[in-house]
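The values are calculated or read from the model by the stated rules, or taken from the named source; none is laboratory data. Keep in mind that this is a model prediction, so the values were computed, not measured. Cβ atoms come from the backbone with ideal geometry, glycine included; neighbour counts cover every protein chain shown.
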Amino acid sequence: MKVQLTLEDTAPDFRFDAPWKQGLQFYRQIEGKPAVLVFLRYLGCPVCQMEMANFKNSFNLFKNKGAGLFVAIQSPPSTVARVTGPKDWPFTIICDPESKIFKLYGVEPGGIIKYLHPAGLIAAVKATVKGYRHGKFEGRETQLPAAFVISSEKKIRFAYYGKTLSDVPAPSTLAANI
């Protein structure tokens, strides 16, 4: 397992594909501004769909602080582009089907115990009740989430590694750490 990032570490730079643009460079995308980088599982995951909608609805918390928001998922660009359009999301979706960026940031799967944790099951029921439906399985099913706030100097200001599949910091918590 890769060592997890901590405060004041330099945020690793990486190349990535978004659903509608390929070959992007993270440092170029943040353009010397602060950024929030969230790692979820994949687009077909109802809990992840719910979290993405939550970040979409809270986007102004980041925009008002001049920060970019990036959500990394393990779905390939073609999966995302098939079911949604670029104007549907105010933030950048990072497609990482091989989990290279996840590994670069030390974001690892959690195993079956953490996958079946009651908090994750409750979140799955909540997402289903809200109308989110399971889609295609992609990536590592037991993948845990993580979130980072990165300063304009590319330093980690906040690092959080989820303990269950639904353990994602609230947008307000991330925005407060910008």
Mind listing just one residue for me: the one in the range 47-64 that is under 23 Å from residue 103 (Cα atoms) and out of contact with any strand residue (DSSP E or B) (no Cβ under 7 Å at 6 or more places or on another chain) and, of those, modelled with the highest pLDDT?
51
Odd one out for residue 68 among (1) crowded, with 18+ Cβ neighbours inside 10 Å; (2) in contact (Cβ under 8 Å) with a residue 40 or more places away in the chain
(2)
Among the residues of the range 150-167, write down those that are at pLDDT below 95 and either surrounded by fewer than 20 Cβ atoms within 10 Å (Cβ to Cβ) or in contact with an Asp or Glu (Cβ under 7 Å, 6 or more places away or on another chain) (or both).
163, 167
List pairs: first residue in the range 32-54 and within 26 Å of residue 13 (Cα to Cα) and of a type in the set (Phe, Trp, Tyr), second residue outside any helix (DSSP H, G or I) and modelled with pLDDT of 90 or more anywhere in the structure, Cβ distance under 6 angstrom, at least six positions apart or on different chains.
39/72; 39/107; 39/145; 39/146; 42/73; 42/74; 42/75
Which numbered condition residue 27 fails, given (1) out of contact with any strand residue (DSSP E or B) (no Cβ under 9 Å at 6 or more places or on another chain); (2) part of a loop (DSSP other than H, G, I, E, B)
(2)
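Looking at 72, 53, 81, which one is among the small types (Gly, Ala, Ser) and part of a strand (DSSP E or B)? Don't jump to the end; show me each part of the working.
Working: 53 fails: part of a strand (DSSP E or B); 81 fails: part of a strand (DSSP E or B).
Testing whether each residue is among the small types (Gly, Ala, Ser) and part of a strand (DSSP E or B) leaves just 72.
Is it true that some residue in the range 65-88 is touching a His at 6+ places or on another chain (Cβ under 6 Å) and either at pLDDT below 95 or closer than 15 Å to residue 14 by Cα (or both)? Lay out the reasoning, then the answer.
At the first step, the residues of the range 65-88 found to be touching a His at 6+ places or on another chain (Cβ under 6 Å) are none.
No: the range 65-88 contains no residue that is touching a His at 6+ places or on another chain (Cβ under 6 Å) and either at pLDDT below 95 or closer than 15 Å to residue 14 by Cα (or both).
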The number of residues in the range 124-149 that are of a type in the set (Val, Ile, Thr), modelled with pLDDT under 95 and within 26 Å of residue 98 (Cα to Cα) is 1
Of the numbered conditions (1) at pLDDT 95 or above; (2) surrounded by fewer than 17 Cβ atoms within 10 Å (Cβ to Cβ); (3) within 17 Å of the chain's Cα centre (by Cα), residue 39 satisfies every one except a single condition; which is it?
(2)
Only one of (1) assigned to a loop (DSSP other than H, G, I, E, B); (2) closer than 20 Å to residue 167 by Cα; (3) among the hydrophobic types (A, V, I, L, M, F, W, C) fails for residue 20. Which number is that?
(2)
